[in-house]
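The structure appears right after this line, and notes come after that.
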Amino acid sequence: MAYLDNNTNTLCSFSVFVCFSERRRGQLAALSIAAVVIIVGVPLWWRTTETYRAWLPVSQINELAKLQLQLSTDVEVVFARGTVTPEQQKKVPLTQTQDDEHTVDEDTVLRYRYETRYRTATVMEEDALNQLTAAEADLSLHTLSESPCGSLVVYVIPESSSLLPQDVEVYIGQRRTALLRIGAQMRVGRTIEQLLAHLEPRLKQVLQVMSFSHTDITAALSDRVRLSPDNRESKADSMRAFKSSPGYEITFSLLNPDPKSHRLHWDIEGAVQTYIQPLITKLAPVANFSIDSQTLYYAMLGVNPRFDGSRNAYTLNTDSLAHVINPVEARLGSNAASSNPVLNFLLYVPDVHRSPLYIQDYKKQEVPSNAFHSPRWGGIMVYNVNSFYGPDAVFPVDINIDMAKVMGVFLAQLRLLLGVQPSSSPPGFLVEPCGSTGLADWELDRLMWSRSVENIATAATTITSLAQLLDQIGNIVINDNIAQQVSSAVTSLQLAVAELEAGNLGFALQYSKEAILASERAFFDPSLLHLLYFPDDQKFAIYIPLFLPMCVPILLSLLKIVSEARQKRREKQAKKD
């Protein structure tokens, strides 16, 4: 019996040891699995599923949110012989700097700096100022030295000079020079300070006409700031012109609604080379242009003109002009391979039964050009040919279109649509017409100032909006290409602002164009849309079926281990007590 009892005790002890070992092995297995999941699995899963977000210059982007621009221009005032006395000449200051600051809103500040240098005319400049006319003097002065882009030279001439008519005090030519007449009473018995004070108002007016003005610059910021009611006219001008773009497409279309009545001939290629190409060449720093033409047959305006018996003609009033474009636009076509804006110029020749056709303004008066333009779209000109329909006319009548007349209208509309606004001249000013190039040098500078500011404001707004979007939505992938484009845009913006401050208008415009291209490429990158609409609840719907079956046994085993550890601790505490 004793032998059996000993065997029974040994067997029970072995069973307890085996149960303890199994339980210990289970605990160790659960702890090992939990450790592998926590130490290896979770970091690996986190690393392989995290959203890649390249580094962005956030601090520099935040600085661009507050737009602070300084526009600097160099003005050179040259005194011709007879405008200053020898005593005054000795006291003429070499340079003067004038600063003007405007706070447009809480995030936009504009500063204007005018650096004026004074000197006397050289011998060659005196010979140029002795020409018969002001236009010849302007050309001679331009031949001597060409002023840098964005700068001005004002020649002060005596009252006895025959260059200007008697009622003209300021002459503005086609280049970056102006002639300013000074009265004899200001030269004799006055100090140089009084003379400069007398010239200052006229110099400011010259700058307002030939260089940037606060009105033009704020109009260029119309998409960023809210303009005051005083700037409604400039706001209308900015809405008329196309937005700044690296390229434009110009399309000339001839609309022949009645080919059976007339056979139209237009030398559009020669007309473009003669009238449009010089302007396009001069605008090369601003944008690239492509030109094409087409002829559309049986193309109607879509609006029935009214017959005016008193004039024996058909008329289109101003209210009906808005309904003319849509039916015609459907037949114009577009270049799907290009994203550049299209400027449409239509020449409409009425059919024989509705000719002549005239466009009337709000006062029921005929428009002299018989044309109209639509903001940010193009222009339409009505070309009447009823004089070719004689009693012995044989249909179809061959008609050669006067392209000089047509291109004169289209050229004026093209200037308006590109933002070359006609500047209002103060009394006593004489502004020389732009000539064969279609654009004066100082008009190009005004456009470049506005385009530079507009590009900088647009690029800054695009980059800051993109940064805010990426900060709010953490699921968007930021690859290296987007980060490179953003960094390039920020760098170009900083360079453009610095060049504006230094007065280097050409470089400022170039850097601003690079900034807006890089910012738009980054903002519209297709990779940004992959996780844009991927909310967190969809993540849980994907991960729960994967992790829940694995995590529940591990969590239960860990809870059991913790429970047993607490039970042993209580038992030990009870034995001690």
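Between the residues His102, Tyr155, Val123, the greatest Cα displacement towards the positive end of the dipole of the range 67-218, with unit charges on the Cβ of Lys, Arg, Asp and Glu, is found for Val123. Note on surface exposure: Asp74, Asp471 rank Asp471, Asp74 by accessible area, highest first, 1.4 Å probe.
Arg376 sits with roughly 90 Å² accessible to a 1.4 Å probe, with DNA, RNA and ligands left out of the calculation.
Taking the longest Cα principal axis of the chain as reference, the axis of helix 134-144 is set at about 50 degrees. The share of accessible area on the range 260-321 that comes from carbon and sulfur is 47 percent, using a 1.4 angstrom probe. The range 471-573 gives an Rg/Rh value of 1.48, both radii derived from C-alpha positions and Rh following Kirkwood. Taking one quarter of the surface of the C-alpha convex hull of the chain gives a mean projected area of 50.1 nm². Step through the table entries Lys282/Lys405; Lys243/Lys282; Lys243/Lys513; Lys405/Lys513; Lys66/Lys243; Lys91/Lys204, compare each Cα-Cα distance with 24 Å, and write down the pairs that go over it. Distance filter (> 24 Å) returns Lys405/Lys513. Measuring with a 1.4 angstrom probe and ignoring ligands and nucleic acids, Ser338 comes out at about 30 Å² accessible.
Dipole size of the chain about its Cα centre, with +1 on Lys/Arg Cβ and -1 on Asp/Glu Cβ: approximately 2740 debye, rounded to the nearest 20. Average projection, convex hull of the Cα set of the range 242-418: 10.7 square nanometres. Note on Leu44/Gln573: beta-carbon distance plugged into 1/(1 + (r/R0)^6) with R0 of 60 Å gives a FRET efficiency of 0.90. For the range 378-512, a crude dipole built from +1 on the beta carbon of Lys and Arg and -1 on the beta carbon of Asp and Glu, taken about the Cα centre, is about 160 debye to the nearest 20.
Computing Rg and the Kirkwood Rh from the Cα coordinates of the range 376-491 gives a ratio, Rg/Rh, of 1.25.
Rounded to the nearest 20 debye, the dipole size of the range 242-418 about its Cα centre is 440 debye, using +1 on the Cβ of Lys and Arg and -1 on the Cβ of Asp and Glu.
If the chain linking Ala29 and Phe388 were pulled fully straight, counting 0.36 nm for each residue of separation and taking away their Cα-Cα distance, it would gain 118.8 nm. Counted over the range 54-127, the DSSP beta bridges are approximately 45% antiparallel. The residues of the chain expose on average 55 square angstrom of accessible surface per residue, using a 1.4 Å probe on protein heavy atoms.
Taking θ as phi - 60° and the Karplus parameters 6.51, -1.76 and 1.60, the scalar couplings of the range 297-308 work out to 9, 6, 9, 9, 6, x, 10, 7, x, 8, 8, 9 Hz in sequence order, x denoting glycine and proline.
Using heavy atoms of the protein chains and a probe of 1.4 Å, the accessible area assigned to Arg175 is about 50 Å².
Expressed as a fraction of 2.2 N^0.38 Å, the value expected for a compact globular protein of N residues, the C-alpha radius of gyration of the range 67-218 is 1.10. Axis angle, to the nearest 10 degrees, between helix 536-576 and the longest C-alpha principal axis of the chain: 40 degrees.
Taking 7 Å steps out from each Cα toward its Cβ at Asp105 and Arg376 produces label points 1.7 nm apart.
For n ≥ 4 DSSP H runs only, could you compute -39500 (n - 2.57) per run for the chain, divide by its residues and tell me the 222 nm figure to the nearest 500? Helix-only estimate at 222 nm: -14500 deg cm²/dmol. When the chymotrypsin sites (Phe, Trp or Tyr not before Pro) in the range 332-403 are filtered for DSSP coil states and for at most 11 other beta-carbon atoms within 10 Å of their beta-carbon, the remaining sites are Tyr362. Full extension of the chain between Asn481 and Gln98 yields a length gain of 133.5 nm, computed as 0.36 nm times the residue separation minus the alpha carbon distance. Each Cα pair under 8 Å and six or more residues apart adds its sequence gap; the mean of these over the residue count of the chain is a relative contact order of 17 percent.
Percent antiparallel among DSSP beta bridges with both residues in the range 242-418, to the nearest 5? Among the beta bridges of the range 242-418, antiparallel pairing accounts for roughly 20 percent. Ranked by solvent-accessible area (1.4 Å probe, protein heavy atoms only, all chains present), the residues Arg569, Arg451 order from largest to smallest as Arg569, Arg451. Below 8 Å, C-alpha to C-alpha, sequence gap of six or more: please give me the relative contact order for the range 256-354 in percent. Value for the range 256-354: 40 percent. Once the Cα atoms are used to define both axes, helix 403-417 deviates from the longest principal axis of the chain by about 40 degrees. Using a probe radius of 1.4 angstrom, the carbon and sulfur fraction of the accessible surface of the range 67-218 is 48%. When the range 242-418 is described by a simple charge dipole with +1 on each Lys and Arg Cβ and -1 on each Asp and Glu Cβ, the residue from Val272, Ser244, Phe345 located farthest towards its positive end is Ser244. Beta-bridge orientation, the chain: approximately 25 percent antiparallel, per DSSP, counting only bridges with both partners inside. Taking the alpha carbon gyration tensor of the range 15-156, multiplying each eigenvalue by 5 and rooting it gives semi-axes of 85, 17, 12 Å, largest first. The Gln277 and Glu87 beta-carbon pair, evaluated with R₀ = 45 Å, returns a calculated FRET efficiency of approximately 0.30.
Between Leu144 and Arg117, the modelled label-to-label distance comes to 1.5 nm, taking each label 7 Å out from Cα in the direction of the beta carbon.
Computed from label points 7 Å out along Cα-Cβ, the spacing between Val168 and Arg521 is 4.9 nm.
The values are calculated or read from the model by the stated rules, or taken from the named source; none is laboratory data. Predicted model only: the values in this text are computed from it and were never measured. Note that each Cβ is placed from the backbone with ideal geometry, even for glycine, and that neighbours are counted across all protein chains shown. Side chains are part of the model used for accessible areas, which takes the heavy atoms of the whole protein and leaves out ligands, DNA and RNA. Shrake-Rupley method; radii C 1.70, N 1.55, O 1.52, S 1.80 Å.
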